[in-house]
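Below you'll find the structure, written out as structure tokens, and then a few comments.
The values are calculated or read from the model by the stated rules, or taken from the named source; none is laboratory data. Note that this is a predicted model, so its numbers are computed, not measured. Heads up, the Cβs are rebuilt from the backbone with ideal geometry, glycines too, and the neighbour counts pull from every protein chain shown. When the accessible area is computed, the model is the full protein with side chains, heavy atoms only, and any ligands, DNA or RNA have been set aside. Shrake-Rupley method; radii C 1.70, N 1.55, O 1.52, S 1.80 Å.
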Amino acid sequence: MSEGFSRPRLSASLALCIGMAIALGACGGDHNGHAVKHTAVVGPTATPTPNPAVASACVPSGAMAVDVNATNGQVSVYAPAGDWDSSTTGVFLVPVEAGGVIGAGVTRATVATANPVNSCSANSATGRIICSANNHDAYLIDRTTLTAFTLTSAGVGTQSFSGGSCTNCNAIADPVMDLGIIGIAGTPAGYQFFNLSSGLSDGVVGVPGSGSVLSESPAIEPAKHLLLSANEDQDFQIINFSTTAPGGFRYAQRSTVLAESELDGTAIDCTTDIALAADEFNNQVFVTDLTQATFTPGSGATFGTWDAPAQLQPTPGLLGITTTGLAVAPSGHVGIMQQEFGTNNFAAFSLPATSGTGTPGLTDWVAALVPTQPDKVTWSNTFDPHGLTAYTSPTTGSPMGVLLNAARTFILVIDINKLLAAPRTGAHTVQASYDLVANGVVTFVSVH
């Protein structure tokens, strides 16, 4: 089936594809300008809700999709069995909470996939989950059927990161426009947009730069229709896929502010539009206020530029490279971090409650170690993509974090505010004697 645009309201990414000469060929072509075939979804079609207030709308791409079901108040995650360097197939459905009870809710299940999956993201308004495989497969999973329907991306070859390589590298859902976005390898690499209801592709947008590098973990600002893509090539790129101002933009100060940086995860507080990116190996965070951003359009095949008050903020007291992966909760101006490449290091942080003036920065942060698992095994964080996400509890309203271990045996559910309030040794470290489990700061939930 050839690519198309099944509904008029999906014209945002169509406008982006038409409006940018850097877009790959024509809308619907692969990186070589050839037509790309896609498998249409043959399962139940969900009915999208226009502009939904979805609790997971601003959570960045990572290993896990978090699904907040507004109908029954249940929260669950879809956790890939694999990562960028894994040959294990399937996606685990794990209960996170129901009625405020951690670990209650959906029945555990495994969704079969033909190829190893590395990343999933959910449109909680429709119950449709999109996942990226390590090859050019992508999968749509429906909450009610738990069947994976296969799509094919325009990805060609592989893209390499510090944590592995992939053809389809990450997945992220935009619930406002009912879009799924897959980061794909190619020449150049880019992002492919899919209609989550029909499964049809809605075009590909390439990224600039000498290596055309994707973000390991892009993020969506759904109200303004911005795709935030901080990458390891010393750049923080923004793709505007709105109907009013489509275009691609590179960070204007990248050659000075980011000259020594290797940006990893991307995140945003959508209540203030304060955006962040982890500076891998340097234990600092790039923080900027997009409410103050100015955008200068590009011309022809040249991306435009954006600029805003920003800083690379050191985070002393964090353990190792705790800032590698990060996610901001959809409420409360708080988030979580974790170190990739194993270890049990993680942290919580807080952000300003307002924006619009000055240069933003983290207002607080605290490091901790994941306690020993219930099976008496020492916790080990995932490799890439990052095994963390965040959500707002539909029962308590508390901002919560979720970590996934590398063995895919447990998730850790974190009350972020309780972690920030835990007793400390020094300015930024939780007391080693403080029992995080007994004090209700963290709860282990088995994956299987």
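How many percent of the accessible area of segment 125-273 is carbon or sulfur, using a 1.4 Å probe?
After summing per-atom areas, the C and S share lands at 49 percent.
For the chain, what is the accessible area per residue in Å² when the probe is 1.4 Å?
So the chain comes to 32 Å² accessible per residue, rounded to a whole number.
What residues of segment 66-102 lie in the reach of a label at residue 407, counting those whose backbone N is under 17 Å from a point 7 Å from the Cα along Cα→Cβ?
Hits in segment 66-102 for residue 407 at 17 Å: 81-82.
Ranked by accessible surface with a 1.4 Å probe, highest first, in what order do 333, 386, 448, 136 come?
448, 136, 333, 386
Normalising by the residue count of segment 167-321, find the relative contact order in percent from Cα pairs under 8 Å and 6+ residues apart.
Relative contact order comes out at 14 percent.
Within segment 295-340, what whole-number % of the accessible surface is contributed by carbon and sulfur, with the 1.4 Å probe and all protein chains included in the calculation?
59
Would you tally the net charge around residue 235, using a Cβ to Cβ cut-off of less than 12 Å, leaving residue 235 out, and scoring K and R as +1, D and E as -1?
Net charge in that neighbourhood comes out at -1.
Under 14 Å from the Cβ of residue 363, count the other residues' Cβ atoms, weight Lys and Arg +1, Asp and Glu -1, and hand me the total.
Residues near residue 363 contribute -3 overall.
How large, in Å, is segment 116-213 by the Kirkwood hydrodynamic radius built from its alpha-carbon pairs?
13.2 Å is the Kirkwood radius here.
Starting from one equal scatterer on each C-alpha and no solvent at all, send me the Debye-based log10 I(q)/I(0) for segment 335-438 at q = 0.20, 0.22, 0.23 Å⁻¹, two decimals.
-1.10, -1.27, -1.34
Quick one: if the Förster radius is 22 Å, what FRET efficiency do residue 372 and residue 88 give, using the C-beta to C-beta distance and rounding to 0.05?
So, using R0 = 22 Å, E works out to roughly 0.35.
Let me know the charge dipole size of segment 330-448 about its Cα centre in debye, to the nearest 20, where only the beta-carbon of Lys, Arg (+1) and Asp, Glu (-1) is charged.
Dipole about the Cα centre, nearest 20: 100 debye.
In segment 396-448, which chymotrypsin sites (Phe, Trp or Tyr not before Pro) fall in coil by DSSP and have 13 or fewer other Cβ atoms within 10 Å?
Sparse-neighbourhood loop chymotrypsin sites (Phe, Trp or Tyr not before Pro): none present.
Could you tell me which of rounded, prolate or oblate describes the chain, using a ≥ b ≥ c as the square roots of the eigenvalues of the alpha-carbon gyration tensor, with rounded for a/c under 1.5 and, failing that, prolate when a/b is larger than b/c and oblate otherwise?
Note, shape of the chain comes out oblate.
Can you give the extra length, in nm with one decimal, that the chain gains between residue 438 and residue 244 once fully stretched, where that is 0.36 nm per residue apart less the Cα-Cα distance?
64.7 nm
Rounded to the nearest 500 deg cm²/dmol, what is the calculated helix-only ellipticity per residue at 222 nm for the chain, with -39500 (n - 2.57) per DSSP H run of length n ≥ 4?
Computed ellipticity for the chain at 222 nm equals -1000 deg cm²/dmol.
Say each of residue 363 and residue 446 gets a label point 7 Å from the Cα, pointing the same way as Cα to Cβ; how far apart are those two points in nm?
4.1
Counting DSSP beta bridges with both partners in segment 138-272, what percentage is antiparallel, nearest 5?
Looking only at bridges with both residues in segment 138-272, the antiparallel portion is about 95 percent.
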